[in-house]
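The values are calculated or read from the model by the stated rules, or taken from the named source; none is laboratory data. The model shown is predicted, which means the values in this text are computed figures rather than measured ones. Here the Cβ positions follow ideal geometry from the backbone for every residue, glycine too, while neighbour counts run over all protein chains shown.
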Amino acid sequence: FQKHEFFVDMTCEGCSNAVTRVLHRLGGESFDIDLPNKRVCIDSEHNVDTLLETLKKTGKNASYLGEKSTQ
């Protein structure tokens, strides 16, 4: 799987819960949410466009930061 890092404009638990919900709906995703830094790291076989569209379903501003090396 690729590990992708995204910026999502999350301000509270509610925001991170929304992110968790949409990613669970996508299925098979393993992810970490870093609320203070507004970062979401996702291990996924889905492409970046799909992941970004999914994150945008939360209504938050989201953008792709790049691949994270898995070392």
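Entry remark, the stretch 11-38: residues being part of a loop (DSSP other than H, G, I, E, B) and either at pLDDT below 95 or loosely packed, with under 15 Cβ neighbours inside 10 Å (or both) number 7 in total. Candidates in the stretch 39-71 are the residues that are part of a loop (DSSP other than H, G, I, E, B), without any contact (Cβ under 8 Å) to a residue 60 or more places away in the chain and among the basic types (K, R); of these, the one that is surrounded by the fewest Cβ atoms within 10 Å (Cβ to Cβ) is K57.
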